[in-house]
Amino acid sequence: MRDLLSDRRGFAFSLDVLLALIPLTILLGMLAADMDNIMYLTQSTIYQSSLDRQASDIADALVESSGTPPDWEQKGNPQSIGLARYDPVKKIPQKNYLSPSKIAGMNTTNMGELVGPEYGYYINISTTEGLTVRTLGTLNTSAPDIARVERYVLTTKVERVGSIEGLIRDAGQPRTYTTNFPTNDAYLRIYDYWVLVINRGYDSAFVDVNNNRVVPPNEINQHLTEIKEQINETYLYNDTQFRDNILSVRTQSNPGASMDVYILAAPKGTPPGQITLDNVRVRPARFVLYLWLK
């Protein structure tokens, strides 16, 4: 009898274990069946985190450094690019203050060297007012994973490189005023140069660059207060090193008249409508970088 009871207890114990193993077996089966999805989600999370970190590092390198060398946009063939203005006195980059010439000098070659051949990218720099400063690359919306990084910066669309302002007034006789502005071969590849005249009452004057007529007298009269003309590139110096161009403005005597003349540099292809003094003003902007694996 004692042996029989012992057997019954063993039988009951075995049945309990079996019943307990059924849901465990089902759970393990479900885990095994879903293991591929779990591994995929884990790998995807790790990969996205790595992609986000890479995009953040690239964005920081662009907006916080001036590149190597810091005047790479003038010399070409940089070791690495950066877009921050360089302070030659303090010899440090001005973080998050983007240089228009560096923005204009950024291209698919030097940007590709920065991000590496395994990544695709798209950059959009625009003011908070909606003015597009620069785009580079093409956004691949079909990429499975895309990292997006945004930085708030300061920049300007158009750069003032020379001016005769507040000096041109009635002197009782014709007068010639001059100033200088530098160009070199590298800047002529990335910039168009414009003359912007703000006329207040003159009916005759002319504007020359290196003895080449840019604005003739018949374009200046009392009814036309703003004149803009693109400077023919052949009028400007294109040496390897910077060389000063001479801006000359000669006015006739007009009692009470005054005039301001500006030399503006804008990225090549900038439409005439954006060649304004307002676009010279430094303003807040957004730097947005998209990065994905090719």
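The values are calculated or read from the model by the stated rules, or taken from the named source; none is laboratory data. Note that the coordinates shown come from a computational prediction; the quantities given were computed from them, not determined experimentally. Neighbour counts are summed over all protein chains in view; Cβ atoms, including those assigned to glycine, are modelled from backbone coordinates with ideal geometry. Ligands, DNA and RNA are excluded from the accessible area calculation, which covers all protein heavy atoms including side chains. Shrake-Rupley method; radii C 1.70, N 1.55, O 1.52, S 1.80 Å.
Things to note:
Let's see how each residue does on (1) touching a Pro at 6+ places or on another chain (Cβ under 8 Å); (2) part of a helix (DSSP H, G or I):
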| residue | (1), (2) |
| --- | --- |
| Asp60 | no, yes |
| Tyr86 | yes, no |
| Ala104 | yes, yes |
| Thr109 | no, yes |
| Gly112 | no, yes |
| Tyr121 | no, no |
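- Some residue of region 266-275 being of a type in the set (D, E, K, R), open to solvent by 60 Å² or more (accessible area, probe 1.4 Å), over 27 Å from Arg175 (Cβ atoms) and not assigned by the TED database to the domain that holds Asn212: no
- Among the residues listed as Arg189, Arg148, Arg134, the single one being outside the structural domain of Asn232 (by the TED database), open to solvent by 60 Å² or more (accessible area, probe 1.4 Å), under 25 Å from Asn110 (Cα atoms) and of a type in the set (D, E, K, R): Arg148
- Residues located in region 249-263, provided they are of a type in the set (D, E, K, R) and modelled with pLDDT under 90: Arg250
- Ser248 meets each of the listed conditions (1) touching a residue at least 60 places away in the same chain (Cβ under 8 Å); (2) open to solvent by 20 Å² or more (accessible area, probe 1.4 Å); (3) assigned to a loop (DSSP other than H, G, I, E, B); (4) on the phi < 0 side of the Ramachandran plot apart from (3).
- If you go through region 60-84 and keep only what is surrounded by fewer than 20 Cβ atoms within 10 Å (Cβ to Cβ) and modelled with pLDDT of 90 or more, you end up with Asp60, Ala61, Glu64, Ser65, Thr68, Pro69, Gln79, Ser80.
- Residues being open to solvent by less than 80 Å² (accessible area, probe 1.4 Å) and in a strand (DSSP E or B) - total across region 201-242: 11
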